[in-house]
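All of the numbers you see were taken from the coordinates with simple rules; none came from a lab. These figures come from a predicted structure and were not determined experimentally. Positions of Cβ are generated from backbone atoms using ideal geometry, with glycine treated the same way; all protein chains shown enter the neighbour counts.
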Amino acid sequence: MTKNLLMWDETLFRDPLVFEIDFIPDEFRFREEQLSTLSFQIQPALRGARPMNSLCRGPPGTGKTTSIRKLFDEIEENTKKIACVHVNCKIDNTRYAILAKVYKRLAGHQPQPTG
C-alpha cells in the first residue's frame, strides 16, 4: 500500500503566496462598495483640496488593510498628485514614528533622529 505523500518541493496550494502578510489579490471580491466610498472620500485630493477623513473598522481579517492597500495601489498607478503612506500604528505607535513614516515616503529618506 503506497501513500500519496508530498515531496519536499510540492505543495497542496495553487498559490502559496496568498498566505504572505502583504499579499493583495488581483481580484478583491465583495468590497466594491467600501472601495467606492473610500475613492469618493479621496477625490478632493485630486483637485488639491483636503480629502475627507475616513475610519476603517471591523473585526480582524475582514479586509480593512487589504482594501486600503488595494486603493493605494490604484492611486499610485493612476496619479502622482497623491502620495499614499501606509502606517501601522501598532508598530509605529508614537507621533514621531508616524511622522517619520510620512517624511520617508515624501522625502525618500529617514528624518534626522533628533527630528
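Between the helical axis of 32-46 and the dominant principal axis of the chain, each derived from Cα atoms, what acute angle in degrees is found, rounded to the nearest 10? Computed tilt is about 30 degrees. Spacing of the modelled spin labels on L35 and T11, each 7 Å from Cα toward Cβ, amounts to 2.3 nm. Note that the chain carries a Kirkwood radius of 17.3 Å, evaluated over its alpha carbons pair by pair.
Once the Cα-Cα distance is subtracted from the 0.36 nm per residue extended length, the T66 to F23 segment shows a gain of 14.7 nm. The relative contact order of the chain, computed from alpha carbon pairs under 8 Å that lie at least 6 residues apart in sequence, is 15 percent. Sorted fewest first by neighbouring Cβ atoms within 10 angstrom, F40, F72, F19 come out as F19, F40, F72. Compared with the dominant principal axis of the Cα atoms in the chain, helix 95-107 is inclined by about 90°. Under the criterion of Cα pairs below 8 Å and six or more residues apart, the relative contact order for region 42-103 equals 23 percent.
Relative to the dominant Cα principal axis of the chain, helix 64-78 is inclined by about 70°.
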